[in-house]
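J.: Quick one: this structure, given as structure tokens, is what I'll be asking you about.
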Amino acid sequence: MKKLAAGNWKMNGSLEVLAELAKLEIRHKESTVDVLICPPAIYIQPALSLFSSISIGAQDCHMYQSGAYTGNISAEMLADLGVNSVLVGHSERRIDHTETDSMVLQKALAAQTAGIKPIICIGETLNQRESGQTLNVIEKQMNGSLHKDLTSYPFVIAYEPVWAIGTGHVPSSQQIAEVHNFCRNYLEHNFHEIAANTPLLYGGSVKGSNAKKIFAIPNVDGALVGAASLKVDDFSSIIEALEKS
Ligand code: 13P
């Protein structure tokens, strides 16, 4: 399985940042890992014209193909542009847009139908972790947002503890390992042979300075990076750490 360094810009960045990040194409020309940038939707087209070896993804898609859904973008439209991956179920979407596990599943299936790889995000809140609910929450999210229909096509899982996002608080290696091992076992048990080919990303305050340690954890196949993916040197050092892992 190829490892993946994915950047989620959220509602950040600009054409200038995009042009700056194009330096990554030169620095990681012959990369042994996949690199993906998910800018805000409005920057997808310029990003596609600027990048060739780095893939461009979206941060969300609608669950339906078309219709009266003002402000939304369908997976078909993303595929039309040449987008190859889409984040679904990011905690900011789950919390700010009250997205449920079943909506996340519908979006993931819509993406696959359009030929796009969904990156399904899961993760517990601080309250849930502190009350010992982490693995129950992860299992519930996987039960609700994974389905056997998904398993005929590639997909990715990103574990992002909500309390680690944008806070600088990274879980211990043991805590990350526990969830990633749980996810791999869940996939093996429920979806058998696809388990070995489904990358498990870690996300939440990943930086150049902690990337090596995170990538040394068993069953961590890459990262979903927020803030650090907007800065060439920071994202480049994360990609380099993944290449060396
Ligand atoms: P940070 O890397 O900024 O913590 O964001 C993580 C994230 O939410 C990526 O999707």
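The values are calculated or read from the model by the stated rules, or taken from the named source; none is laboratory data. Here the structure is a predicted model, which is why all the values come from computation and not from measurement. All Cβ positions, even for glycine, are placed from backbone atoms using ideal geometry, and neighbour counts span all protein chains on display. When the accessible area is computed, the model is the full protein with side chains, heavy atoms only, and any ligands, DNA or RNA have been set aside. Shrake-Rupley method; radii C 1.70, N 1.55, O 1.52, S 1.80 Å.
J.: Search segment 68-100 for residues being within 16 Å of the chain's Cα centre (by Cα) and in a loop (DSSP other than H, G, I, E, B), and hand back the single one that is nearest to Met142 (Cα to Cα).
T.: Going through the qualifying residues, I end up with Gly89.
J.: Could you go through segment 61-76 and let me know if any residue there is under 22 Å from Ile165 (Cα atoms) and either open to solvent by 10 Å² or more (accessible area, probe 1.4 Å) or without any contact (Cβ under 8 Å) to a residue 24 or more places away in the chain (or both). Outline the logic, then answer.
T.: Taking segment 61-76 and keeping what is under 22 Å from Ile165 (Cα atoms), we get 61.
Narrowing further to those that are either open to solvent by 10 Å² or more (accessible area, probe 1.4 Å) or without any contact (Cβ under 8 Å) to a residue 24 or more places away in the chain (or both): none.
No, segment 61-76 contains no residue that is under 22 Å from Ile165 (Cα atoms) and either open to solvent by 10 Å² or more (accessible area, probe 1.4 Å) or without any contact (Cβ under 8 Å) to a residue 24 or more places away in the chain (or both).
J.: Follow-up question, since we're still on this one. Condition first: more than 18 Å from Gly203 (Cα to Cα), among the hydrophobic types (A, V, I, L, M, F, W, C) and either free of Cβ contacts under 8 Å to residues at least 12 places away in the same chain or open to solvent by less than 60 Å² (accessible area, probe 1.4 Å) (or both). Now tell me which residues in segment 81-103 satisfy that. Show your work before the answer.
T.: Our first condition is that a residue be more than 18 Å from Gly203 (Cα to Cα); within segment 81-103, this holds for 81-84, 96-103.
When the remaining residues are screened for being among the hydrophobic types (A, V, I, L, M, F, W, C), the result is 81, 83, 103.
The answer is Val83, Met103.
J.: Just give me the residues in segment 135-172 being in contact (Cβ under 8 Å) with a residue 40 or more places away in the chain, in a loop (DSSP other than H, G, I, E, B), open to solvent by less than 40 Å² (accessible area, probe 1.4 Å) and closer than 12 Å to Gly203 by Cβ, in sequence order.
T.: Selection gives Glu160, Pro161, Ile165.
J.: Given the criterion open to solvent by 40 Å² or more (accessible area, probe 1.4 Å) and either within 22 Å of Asp34 (Cβ to Cβ) or among the aliphatic types (A, V, I, L, M) (or both), identify the matching residue among Gly123, Gly203, Gly132, Gly115. Break it down stepwise before answering.
T.: Working: Gly123 fails: open to solvent by 40 Å² or more (accessible area, probe 1.4 Å); Gly203 fails: open to solvent by 40 Å² or more (accessible area, probe 1.4 Å); Gly132 fails: either within 22 Å of Asp34 (Cβ to Cβ) or among the aliphatic types (A, V, I, L, M) (or both).
None of the others qualify; the one that does is Gly115.
J.: How many of the residues in segment 3-36 are open to solvent by less than 60 Å² (accessible area, probe 1.4 Å) and of a type in the set (S, T, N, Q)?
T.: Within segment 3-36, residues that are open to solvent by less than 60 Å² (accessible area, probe 1.4 Å) and of a type in the set (S, T, N, Q) number 3.
J.: Still on this structure, please answer the following. Out of curiosity, is Ala47 crowded, with 18+ Cβ neighbours inside 10 Å, closer than 24 Å to Lys148 by Cβ and more than 16 Å from the ligand (Cβ to nearest atom)? Steps first, please.
T.: Values: crowded, with 18+ Cβ neighbours inside 10 Å: yes; closer than 24 Å to Lys148 by Cβ: no; more than 16 Å from the ligand (Cβ to nearest atom): yes.
When the stated conditions are applied, Ala47 does not pass them.
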